[in-house]
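For reference, the structure is listed below as structure tokens.
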Amino acid sequence: MGTPLVVVQDLRKMFVHMGRELHVLRGIDLTIDQGEIVAMVGQSGAGKSTFLHCIGTLDLPTSGKISLGGEELTSLSSSKLAAIRNRMIGFVFQFHHLLPEFNALENVMMPGMIQGRSRKELEPLANSLLAEVGLAERASHRPGELSGGEQQRVALARALVLSPKLILADEPTGNLDTKTSEAMHQLFFDVNRKHGTTIVVVTHNMAFAESMPRVVRMRDGRIEADERRADQRPGASQASEPESPARAALSEDGEGTVSAVPS
């Protein structure tokens, strides 16, 4: 057993819609250790994204407990939750949410600049992260000048700039074509191996999910199965020398986009 990073106990989330109670999470218990990479799968409406938003402090549960790095979150003020989120969590969403008026380098630096860190301090780190995701030559390009796969790589680099303990990815390749998605998947494995970052990915891509050492299956707001593959190396279904093929595929991804997949 590893060291727990995320501990969730009896997590419940209920919304009221048109006078009716909608129970989205129905008593989730889950522990995720430091350095794990975990896929969360299930049909649309199973509660996957809501669960991700709760552990990412983007939404508050109705009841239950969430601990991150040993700190219990559910009783904290919104300002303290924001501080923990900024310090410990990086996000990658289906739509990259890059700021169109800034170039790739500036978008990667943005979380640090918001926290008051200097450009002089952030620029070498941001350039290094862009190189890590294969975009060293695209640092000066704005989002509108990048393909879909390149935009998502910038988003991944941005998620890493503050060295988070946890990355939460909600359908990060749901808007990309198959080839670009496969290469982007490999980058998540590369990040997990290089940085030891814990990664939780909500995905409808079962090939991606099944290549992970742990798959959590949700149904109707509950965990239906929690499958661990002791002999599964992250990214084992990918190329044996992962970084170069991933970057090569991404550099050839063209527009790399298809219609969105619902999460």
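Taking the conditions (1) over 13 Å from Val92 (Cβ atoms); (2) at pLDDT 95 or above in turn, Leu166 satisfies each one other than (1). Does Ala39 qualify as being part of a loop (DSSP other than H, G, I, E, B), touching a strand residue (DSSP E or B) at 6+ places or on another chain (Cβ under 8 Å), among the small types (Gly, Ala, Ser) and within 17 Å of Arg219 (Cβ to Cβ)? No: the conditions fail for Ala39. Taken over region 89-118, residues that are surrounded by 20 or more Cβ atoms within 10 Å (Cβ to Cβ) and among the small types (Gly, Ala, Ser) amount to 3. Val154 passes every criterion in (1) crowded, with 24+ Cβ neighbours inside 10 Å; (2) modelled with pLDDT of 95 or more; (3) within 30 Å of Met14 (Cβ to Cβ) apart from (3). May I ask you to verify whether Arg153 is at negative phi and assigned to a loop (DSSP other than H, G, I, E, B)? The answer is no for Arg153.
Per the conditions (1) at pLDDT below 95; (2) crowded, with 19+ Cβ neighbours inside 10 Å; (3) outside any loop (DSSP other than H, G, I, E, B), the sole criterion not satisfied by Thr173 is (3).
The values are calculated or read from the model by the stated rules, or taken from the named source; none is laboratory data. All values derive from a computational prediction rather than experimental measurement. A quick note on method: Cβ atoms are made from the backbone with ideal geometry, for glycine too, and the neighbour counts reach across all protein chains shown.
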